[in-house]
Each structure stands twice: as structure tokens, then as C-alpha cells.
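Peer 1: Following this message is one structure expressed as C-alpha cells.
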Amino acid sequence: MISNLKNLGSTIKTLRTVAGYSQKEFAESIGISASGLSLIEKNLRDPSLSILKSISNSLKIPVSVIITASDQIPLDLDDKQREIYIKSQQLLTDSMILMIQLNQANS
């Protein structure tokens, strides 16, 4: 199980939506039930590593990029560092969205 990633499910949902998958379609493509995916997207259940790999394969995004984009904000940052961190995470998310769109355009 992947722990300490409070936003992982939300990130997965955002990426799924950008990729144009319905929850049911995406769940089928990664080999789990729609209700299981719903729990993951609501951050009520952590995906196993094998499910995370399936998500990565379906979205054509490296697991490391999905995890990095989902990582929580460190608590020991001052205000300026926190602002920079949040902006860098937004850039990373934007990069992932572009990767999905490019992969779809090339498919």
C-alpha cells in the first residue's frame, strides 16, 4: 500500500478525467471495480502498487510522476517556500496533463 500521500486519489481522478475516461471505463482498464476506484479517488483507500502500475500504464505516465504530483506539502516550510512548492506542484500537474494530451493525439 502507498501511504502518506493524502492527495493521491484526487490526483488520479484529475488525470482520469483529463484523459477522458469515465470512472467505469477507467476501472475496467485497470482491472478493478468502479466502486473500488471511487474509494481510491475519494482518498478512502490507497491503491496497491500493482493498481498504481496499471493506472500508470493506462494513462501512459510514470508512477513516479503520479506519486510526486500527489505528495503532501511538507509541514516545515516557511510561507515563501510553501508558495514555491505549491507552484512547482501545479507545474508538475500541468506537465502530466500535457503528457496525456500528447499521448492521446499520437494514438
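The values are calculated or read from the model by the stated rules, or taken from the named source; none is laboratory data. All values derive from a computational prediction rather than experimental measurement. Positions of Cβ are generated from backbone atoms using ideal geometry, with glycine treated the same way; all protein chains shown enter the neighbour counts. Quick note on the areas: whole protein, heavy atoms, side chains included, nothing else; ligands and nucleic acids left out. Shrake-Rupley method; radii C 1.70, N 1.55, O 1.52, S 1.80 Å.
Peer 1: Which residues, counting only those in region 22-46, are part of a loop (DSSP other than H, G, I, E, B) and at pLDDT below 95?
Peer 2: If the condition is that a residue be part of a loop (DSSP other than H, G, I, E, B) and at pLDDT below 95, then K42, N43, L44, R45, D46 are the ones that fit.
Peer 1: While we're on this one: Which numbered condition in (1) modelled with pLDDT of 95 or more; (2) aliphatic (A, V, I, L, M); (3) crowded, with 16+ Cβ neighbours inside 10 Å is the only one that I66 fails?
Peer 2: Going through the list (1) modelled with pLDDT of 95 or more; (2) aliphatic (A, V, I, L, M); (3) crowded, with 16+ Cβ neighbours inside 10 Å, I66 breaks only (1).
Peer 1: Here's a follow-up. Of the numbered conditions (1) at pLDDT 85 or above; (2) assigned to a helix (DSSP H, G or I); (3) farther than 23 Å from I100 by Cα, L52 fails exactly one; give the number of that condition.
Peer 2: (3)
Peer 1: What is the residue count in region 6-24 for residues that are open to solvent by 20 Å² or more (accessible area, probe 1.4 Å) and over 20 Å from Q101 (Cα atoms)?
Peer 2: 3
Peer 1: Counting just the residues of region 25-53 that are loosely packed, with under 13 Cβ neighbours inside 10 Å and not hydroxyl-bearing (S, T, Y), which one comes out nearest to T11 (Cα to Cα)?
Peer 2: Step by step, filter region 25-53, then rank; the result is K42.
Peer 1: While we're looking at this one, here's another question. State yes or no: is Q89 open to solvent by 60 Å² or more (accessible area, probe 1.4 Å) and either within 21 Å of K6 (Cβ to Cβ) or at pLDDT below 80 (or both)?
Peer 2: Spelling it out, it is not the case that Q89 is open to solvent by 60 Å² or more (accessible area, probe 1.4 Å) and either within 21 Å of K6 (Cβ to Cβ) or at pLDDT below 80 (or both).
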